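Student: Okay, here's the structure, questions in a sec.
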Amino acid sequence: MEAITFLFDGFQTALQPHNLLFAFIGVLIGTAVGVLPGIGPMSGVALLIPVTASMTTGLDPAQAATSSIILLAGVYYGAMYGGSTTSILLNTPGESSSVVTTLDGYQMAKQGRAGSALAIAAIGSFVAGIVSLIALVLLAQPLSNLALKFGPAEYFSLMLLGLAAVSGLAGNSMTKAWMMTVFGLLLSTIGLDSVSGVARFTYDISVLYGGLEFLTVAVGLFALGEVFKAILHKEKNDGEIAKIGRIIPSKEDLKESAGPIARGSLLGFFVGVLPGAGATLASFFSYIVEKKLSQTPEKFGKGTIAGVAAPESANNAASGGAMIPLLTLGIPGSGTTAILMGALIMYNVQPGPLLFDEHPDVAWGLIASMFIGNIMLLILNMPLVKIFAKIIETPSKYLLPLIIAISIFGVYAVQVTTFDVLLLIAFGVFGYLLSSHDFPLAPLVLGLVLGPMIENNMRRALTSSNGDFMIFFEKPISLVLIIAAVLWVLVPLFMKLKGKNVVINEDM
Amino acid sequence: MSKTFDRFAAVAFLAIGVLFMLESLRISKSAYGSAVGPNVFPFLLGLVLALLSIKLLLETLRYDVANTSRRELQYKKFFVILISSILYAMLLEHVGYIITTFLFLIIGFQTIQRGDIWKSIIISACFSFGVYVVYVKLLQGTLPSWPVWFS
């Protein structure tokens with residue numbers, strides 16, 4: 001098996017001392033991000049891109065890219081572990097992907113079973129993480145081989161599908177989601193055109209020639225936007241933190257949750273692979289499925305362990321599944337993976353089918369580090385969960401100004417212009433205004449990241465067809481992808497018209 | 001959902017879309033190495049954005065009466081912090097990283113919650129010095145250190 005050899009090489013990269021350290025920092029910060037309500041994985045990852053960029057300045061570019069992405073991915077899946085802690089102890093989900101966990105998790109805590117709930121959440125997350133990684137290892141090579149056969153027309157349609165999926169599922173209003181997508185794409189056209197070298201929308205302002213920096217926009221929209229929101233809507237944590245008690249789960253608990261964990265892992269993985277769906281949706285689905293399958297559905301909502309095990313496994317599996325389209329196709333299916341993709345591009349590493357050929361050390365090093373990171377997380381979350389529970393008490397008085405200071409430091413350290421810092425603050429205000437009025441931000445970032453690639457592939461395809469737009473419908477794969485994109489938009493619309501309640505993804 | 005904000009946003013995005021369309025007409029159409037010039041993509045996007053904005057504007061006509069459960073927002077704190085971050089950004093290169101960061105953090109901490117001034121001073125000092133020492137001395141990065149008129 002070729003994949004095994006590659007994975008073995010990946011472990012050699014991931015087991016280098018500095019990469020182990022980066023993975024550890026990543027999962028540690030990720031857990032903290034997950035525990036803290038108000039800071040989601042998107043803002044956590046965005047905030048840390050410039051920080052990791054300055055931490056890796058001494059390494060050569062390929063190594064720097066590997067180490068950074070190991071850390072950033074650690075934040076992403078680490079947050080899935082941490083999210084359960086506040087759901088169970090405080091009845092306040094740390095992340096939207098842990099909202100369902102509050103239903104049974106908090107009930108268990110009230111009955112004095114918080115320790116088992118936390119332990120099962122950690123074990124479930126671990127199993128799910130490993131399941132999704134094995135699937136990633138098996139699927140990576142075949143999928144990227146398939147994608148290598150894609151021409152520009154197919155790629156354009158594939159990215160269109162990615163945008164349609166995310167815009168179709170994000171937020172309450174599809175119109176608003178599409179507006180954000182298109183606005184993100186428009187912002188990506190600012191700067192020098194990569195094909196012809198013509199300056200677009202720069203108005204002789206020198207800082208605009210390089211285009212709006214992805215990093216500045218992402219940190220502004222997510223990290224600063226959320227800080228501004230937290231300042232304006234002062235939220236109080238007046239809930240009492242439940243006592244944790246015994247952490248080792250009983251045999252019955254383990255037996256009862258084995259099924260839900262297995263089903264949650266598989267379901268979450270498939271939902272995660274689908275673009276646009278993501279961890280929140282995965283956790284909801286798996287909860288509903290467990291309730292339907294259960295012989296005692298009346299127990300759900302009253303503190304049954306299956307109600308914790310299933311959603312927590314599903315959200316972690318989904319975050320692993322979401323790495324597949326990102327790494328093999330170069331299409332991020334969610335806001336967080338879009339940010340990860342932007343980080344890779346910053347290091348001149350283009351995610352997509354060529355990633356496994358051109359930068360096998362980055363791709364396989366990352367995959368191997370996720371195995372290690374999941375083990376670290378299991379250790380962090382079982383015995384040390386009591387320490388993490390303390391993070392909840394971090395006063396926002398200190399946290400919020402420090403996040404602003406870290407954002408400003410990060411952006412200035414990487415860009416070294418005052419313009420970018422001011423742009424950062426402007427996008428922070430913009431992000432707050434938009435997100436608090438139901439304009440989803442994930443599609444905007446996705447548009448910004450995918451914009452240059454969509455445009456290049458569109459123009460390359462049109463060049464080969466002499467400007468005939470029919471090329472996108474004549475190639476069979478491209479046609480299928482476009483039909484899928486159209487369906488993705490029309491089906492939820494149709495269901496809404498029929499009065500059905502469509503599950504939507506609020507944050508991604 | 002706020003009807004006023006959505007209307008305002010729809011008009012603003014409509015303007016942005018139209019502006020991008022008009023401005024992309026001014027981009028040279030030379031299509032060297034490509035059958036499609038650099039103006040086509042932004043023009044199409046501007047058009048789509050304008051159409052979507054009109055759709056949103058029409059949707060706002062059908063909104064139900066806005067719910068009046070408005071929450072008290074901490075405008076004063078927000079503006080103090082916003083303005084101090086803008087000043088922080090503007091002064092960063094002139095006054096240097098350590099002083100501006102220190103001052104910004106103290107203002108930030110005290111704005112969100114008065115009191116415990118010594119703790120604020122210690123945390124601010126640790127952060128501003130710590131970041132500077134780690135980043136500039138250890139990692140050899142560049143940050144404006146002290147005011148230009150110091151040296």
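The values are calculated or read from the model by the stated rules, or taken from the named source; none is laboratory data. Predicted model only: the values in this text are computed from it and were never measured. Neighbour counts are summed over all protein chains in view; Cβ atoms, including those assigned to glycine, are modelled from backbone coordinates with ideal geometry. The area values use the complete protein model at the heavy-atom level, side chains included, leaving out ligands, DNA and RNA. Shrake-Rupley method; radii C 1.70, N 1.55, O 1.52, S 1.80 Å.
Student: Taking θ as phi - 60°, what are the ³J(HN,Hα) couplings along region A:54-59 by the Karplus curve (6.51, -1.76, 1.60), each to the nearest whole Hz, with x for Gly and Pro?
Tutor: 6, 6, 9, 4, x, 8
Student: By its C-alpha gyration tensor, with a ≥ b ≥ c as the square roots of the eigenvalues, how is the protein assembly as shown shaped: rounded for a/c under 1.5, else prolate for a/b larger than b/c, else oblate?
Tutor: Values: a/c = 1.33, a/b = 1.11, b/c = 1.19.
Rounded.
Student: Which whole-Hz couplings ³J(HN,Hα) result when phi for each residue of region A:371-387 is put into the Karplus expression 6.51 cos²θ - 1.76 cosθ + 1.60, θ = phi - 60°, listed in order with x for Gly and Pro?
Tutor: Ordered by residue, 3J(HN,Hα) equals 4, 5, x, 5, 5, 4, 5, 4, 5, 4, 8, 7, x, 9, 4, 5, 5 Hz.
Student: So, one more: Would you tell me the accessible area of A:ILE387, worked out with a 1.4 angstrom probe on the heavy atoms of the protein chains, in Å² to the nearest 10?
Tutor: Here the accessible area works out near 110 Å².
Student: If you don't mind, another one. For helix B:3-26, what angle does its Cα long axis make with the longest principal axis of chain B, in degrees from 0 to 90 and rounded to 10?
Tutor: 70
Student: Leaving ligands, DNA and RNA out of it, rank A:VAL182, B:VAL11 by accessible area with a 1.4 Å probe, largest first.
Tutor: Ranking A:VAL182, B:VAL11 by accessible area, largest first, yields B:VAL11, A:VAL182.
Student: With the full set of protein chains in place, find how many percent of the accessible area of chain A is carbon and sulfur; take the probe as 1.4 Å.
Tutor: Within chain A, the accessible surface is 67 percent carbon and sulfur.
Student: Using only Cα atoms, tell me the angle between helix B:97-112 and the longest principal axis of chain B; keep it within 0 to 90° and round to the nearest 10.
Tutor: 80
Student: Quick one: if the Förster radius is 25 Å, what FRET efficiency do B:TRP146 and B:LEU87 give, using the C-beta to C-beta distance and rounding to 0.05?
Tutor: 0.90
Student: What is the Cα convex hull volume of region A:301-353 when expressed per residue in Å³? Each step should come with its number before you reach the end.
Tutor: Numbers: hull volume 3.8 nm³, N = 53.
Taking the convex hull of the Cα positions in region A:301-353, it is 71 Å³ per residue.
Student: To continue, here is another question. Round to the nearest 0.05 the FRET efficiency obtained for A:LEU479 and A:GLU298 when R0 = 35 Å and r is the Cβ-Cβ distance.
Tutor: According to the calculation, E is roughly 0.10.
Student: Next question, about the same structure. Using only protein heavy atoms and a 1.4 Å probe, report how much of B:GLU59 is accessible, in Å² to the nearest 10.
Tutor: Accessible area, nearest 10 Å²: 40 Å².
Student: What length, rounded to one decimal in nm, is gained on full extension from B:ARG114 through to B:LEU73, with 0.36 nm per residue of separation minus their alpha-carbon distance?
Tutor: Details: separation 41, 0.36 × 41 = 14.76 nm, distance 1.79 nm.
Extra length available between B:ARG114 and B:LEU73 comes to 13.0 nm.
Student: Round to the nearest 10 and give me the degree value, 0 to 90, for the angle of helix A:335-346's Cα axis relative to the longest principal axis of chain A.
Tutor: Orientation of helix A:335-346: about 50 degrees from the principal axis.
Student: Let me ask you something else. Once you order the gyration tensor axes a ≥ b ≥ c over the Cα atoms, which shape class does region B:75-138 get: rounded for a/c under 1.5, otherwise prolate or oblate by comparing a/b with b/c? Each step should come with its number before you reach the end.
Tutor: Working: a/c = 3.00, a/b = 1.33, b/c = 2.27.
Since a/c reaches 1.5 but b/c is at least a/b, the shape of region B:75-138 is classed as oblate.
Student: For chain A, what does the helix formula give at 222 nm: sum of -39500 (n - 2.57) over DSSP H segments with n ≥ 4, over the residue count, nearest 500 deg cm²/dmol?
Tutor: Estimated from H runs of four or more residues: -23000 deg cm²/dmol.
Student: So for the pair A:SER436, A:LEU59, with labels modelled 7 Å out along Cα→Cβ, what separation do we get in nm?
Tutor: Taking the simple label geometry, A:SER436 and A:LEU59 are separated by 3.9 nm.
Student: If each of B:ILE54 and A:LYS496 carries a label point 7 Å out from its Cα toward its Cβ, how far apart are those two points in nm?
Tutor: 2.0
Student: Further question: Counting protein heavy atoms only and a 1.4 angstrom probe, how many square angstrom of accessible surface do chains B and A bury in total, to the nearest 100?
Tutor: 5700
Student: How well do other chains shield peptide A:412-421, expressed as the mean number of their Cβ atoms within 10 Å of each residue Cβ?
Tutor: On the way: counts 7, 8, 1, 0, 5, 1, 6, 1, 1, 7.
Mean partner-chain Cβ count within 10 Å for A:412-421: 4.
Student: Still on this structure, I have one more. Which lysines have a Cα lying under 20 Å from the Cα of A:LYS390, excluding residues fewer than 8 positions away in the same chain?
Tutor: In chain and number order, the partners are A:LYS110, A:LYS236, A:LYS243, B:LYS119.
Student: Any lysines with Cα under 18 Å of the A:LYS229 Cα? List them, leaving off those in the same chain fewer than 8 positions away.
Tutor: Counting by Cα, and skipping residues close in sequence, A:LYS229 has these lysines nearby: A:LYS397, B:LYS76, B:LYS77.
Student: Find how much the distance from A:LEU15 to A:LEU148 grows on full extension, using 0.36 nm per residue of separation minus their present alpha carbon separation; answer in nm with one decimal.
Tutor: 44.9 nm
Student: With the full set of protein chains in place, find how many percent of the accessible area of region B:75-138 is carbon and sulfur; take the probe as 1.4 Å.
Tutor: 78
Student: Sticking with this structure for a sec: As an exercise, use a Förster radius of 35 Å and the Cβ-Cβ distance of B:ARG7 and A:THR394 to find the FRET efficiency, rounded to the nearest 0.05.
Tutor: For B:ARG7 and A:THR394, the calculated efficiency is 0.35.
Student: Distance in nm between label sites at A:LEU487 and A:LEU422, each 7 Å beyond Cα in the beta-carbon direction?
Tutor: Each label point is offset 7 Å from its Cα along the Cβ direction, giving 5.0 nm.
Student: Can you grab the distance from the C-alpha centre of region A:461-478 to the C-alpha centre of region A:398-457, Å, no decimals?
Tutor: Computed from Cα coordinates, the inter-centre distance equals 35 Å.
Student: So with the 1.4 Å probe, I'd like the accessible area per residue for the protein assembly as shown, rounded to whole Å².
Tutor: 41
Student: Here's something else I'd like to know. Provide the convex hull volume over Cα atoms per residue for region A:95-175, in Å³.
Tutor: 103
Student: Cross-link candidates for A:LYS176: which aspartates and glutamates have Cα within less than 16 Å, leaving aside residues fewer than 8 places away along the same chain?
Tutor: Excluding near neighbours in sequence, the set is A:ASP438, A:GLU506, A:ASP507, B:ASP6, B:GLU59.
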